[in-house]
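Single-structure report; data block below.
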Amino acid sequence: MDDVILTCLEEEEYNIMTVIAEGIKPVHGENSKIVYNFRTEKKVHLEEDEKGQVNFKDLDLVENVVAGQLLATKVQATEGQPGRTITNKLLEAKSGKDVDLVPGKNTELSSDGINIIATINGQVIFSNEKVNVEPIYEVKGDVDMHTGNILFLGTVIVKGNVEDGFSIKAAGDIEIRGSVGKCLLDAEGDVNIKHGVMGKLDGTIKAGGSVWAKFLEQVTVIADKNVFVQDGIMHCQVDATEKVICYGKRATIVGGRIRAGEIVNTKTLGSVSFTETIVEVGVDPKSRQRLFELDKEQNKNIEGLDKLTTNIGTLENQQKVKRNWTEEKKEMLGQMHVSRDELSARMNEVREEMDELKSYLRLLKSIGKTSVSKYVYSGVRIGIKDTYFDVKNEFKYVTFVLESSRIQVKKYEDIDLQEILGKWVR
């Protein structure tokens, strides 16, 4: 740096540290790296709700992804910038090292080769430096405090039991190799339980397909297709769009309410102790339940409208005589008029939906039948469409059918279990 040296000499700046020669440090390139858009380490992740409370069953151990979701992105390595010594000699710079972006199972590289994308819905897993998406989530033991609740965009297989108070929600099937307690199982596909369910009056099983179990006790079951039970259905609320079949040696339906669109078939119906047992066939359970809910809502709406009408009348009388009339009451009267109009509109909507459901239920082609291959005990109530028959005396080997607007008791009509149950029949 000749100009600096010259200045120092001219100004006689001695014994002062002065930079008179300067090089350029080389800048090494940065290595390529992969940025993952998910948690590569599975750790418990708890969140507080609006009230500051934490649900210790929601551990968030499963990370769901959907087809087409971006899972990882490769940041390219950069070139190095060479430097110079103070005598202007070249100092080489190292370029960053590249890393391979290798897609794993059920993933693919984007066309530019820098992104990994999921090809299916499922659980994203980072293993052996690869990104995989698994369509099945497997629990090797029980669903309990170690696993927490499970929410999965695929099929869930549990090799143990599902303890009380836990839930499994799956976009595919749910398969339980053990037993189920007071839980929520909700699958878009089938629910298959190798052993039984002890719902303790608070368990719920929902299936977009069929439900299979060894036995059901004190549980609510809703299936878009069928419910197949080996031993017994005891004190349950069961809805199936197609069939409810109890097919084992001890096949019994006792207590509760069973509804099916087509068939209910069992060996024994009711009990010798006259346990109230309701079986309804020839109906769409979902539509019937919706009709029940709408009827309940409409009754509340009527009560609410009556109360509003009474309160409006009281305020309007006060307004006429100008007694105790204030701006606050004036505003209140206006709000009540708005509420009454909204409630009236909602009542009209409910009435229209109820009329549509009633018409649909009347037009259902499926009549339905209930068949019992051994005993039907007193205390059983049989419903077919809108007609009911209360069993007063014990029957054997019978099928209940609807003929000429009356429920008739016919000889037992056998069913082909092998055809209905297929590979599941035992």
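Each reported figure results from applying straightforward, stated rules to the coordinates on display, with no laboratory input. None of the values given here were measured: they were computed from a predicted structure. Using ideal geometry, Cβ is built from the backbone for each residue, glycine included, and neighbour counts are taken over all protein chains shown.
Details
- Cα gyration tensor category, rounded, prolate or oblate, for region 138-225 with a/c compared to 1.5: rounded
- Shape parameters for the chain, alpha-carbon atoms, Rg then Dmax in Å: 35.7, 128
- Rounded to whole Hz, the Karplus (6.51, -1.76, 1.60) HN-Hα couplings of region 286-300, x for glycine and proline: 5, 5, 5, 5, 4, 4, 4, 5, 5, 4, 5, 5, 5, 4, 5
- Cα centroid separation - region 166-183 against region 77-112, whole Å: 49
- Region 274-426 shape via C-alpha gyration tensor axes, a/c threshold 1.5: prolate
- Relative to the dominant Cα principal axis of the chain, helix 327-363 is inclined by about 70°.
- Calculated FRET value between K296 and E413, using beta carbons and R₀ = 41 Å, to 0.05: 0.70
- With the convex hull constructed from alpha-carbon coordinates only, region 67-131 shows a mean projected area of 5.7 nm² over all directions.
- The slack between I367 and R323, meaning 0.36 nm per residue of separation minus the straight C-alpha distance, is 9.5 nm.
- Shape metrics for region 287-361, restricted to C-alpha atoms - Rg then Dmax, Å: 16.7, 54
- Remark: the Cα gyration tensor places region 174-241 in the rounded category, a/c being less than 1.5.
- 3J(HN,Hα) couplings calculated from phi for region 380-392 with the Karplus curve 6.51 cos²θ - 1.76 cosθ + 1.60 (θ = phi - 60°) are, in sequence order, 8, 10, 9, x, 10, 6, 9, 10, 10, 9, 8, 6, 9 Hz; Gly and Pro show x.
- When the charge dipole of region 63-106 is built from unit charges on Cβ atoms (+1 for Lys and Arg, -1 for Asp and Glu) and taken about the Cα centre, the candidate among I86, V102, G68 whose Cα reaches farthest toward its positive end is I86.
- Efficiency of FRET between E316 and E349 - r from beta-carbon atoms, R0 22 angstrom, step 0.05: 0.25
- Max-minus-min Cα coordinates of region 341-401 on each principal axis give 56, 25, 13 Å, with the largest extent listed first.
- The charge dipole of the chain, taken about its Cα centre with unit charges on the Cβ atoms of Lys, Arg (+1), Asp and Glu (-1) only, comes to about 3260 debye.
- Overall Cα dimensions of region 116-185 - principal axes, largest extent first, Å: 40, 22, 17
- Each peptide among 162-170, 284-292, 341-349 gets the average number of other Cβ atoms lying within 10 Å of its residues, and from highest to lowest they stand as 162-170, 284-292, 341-349.
- Relative contact order %, the chain, counting alpha carbon pairs below 8 Å whose residues are six or more apart: 8
- Rounded to the nearest Hz, the phi-derived 3J(HN,Hα) couplings of region 306-318 under the Karplus curve 6.51 cos²θ - 1.76 cosθ + 1.60 (θ = phi - 60°) are 4, 5, 4, 4, 5, 5, 5, x, 4, 5, 5, 5, 5, where x marks glycine and proline.
- Rg over Rh, two decimals, region 223-336 (C-alpha only, Kirkwood Rh): 1.42
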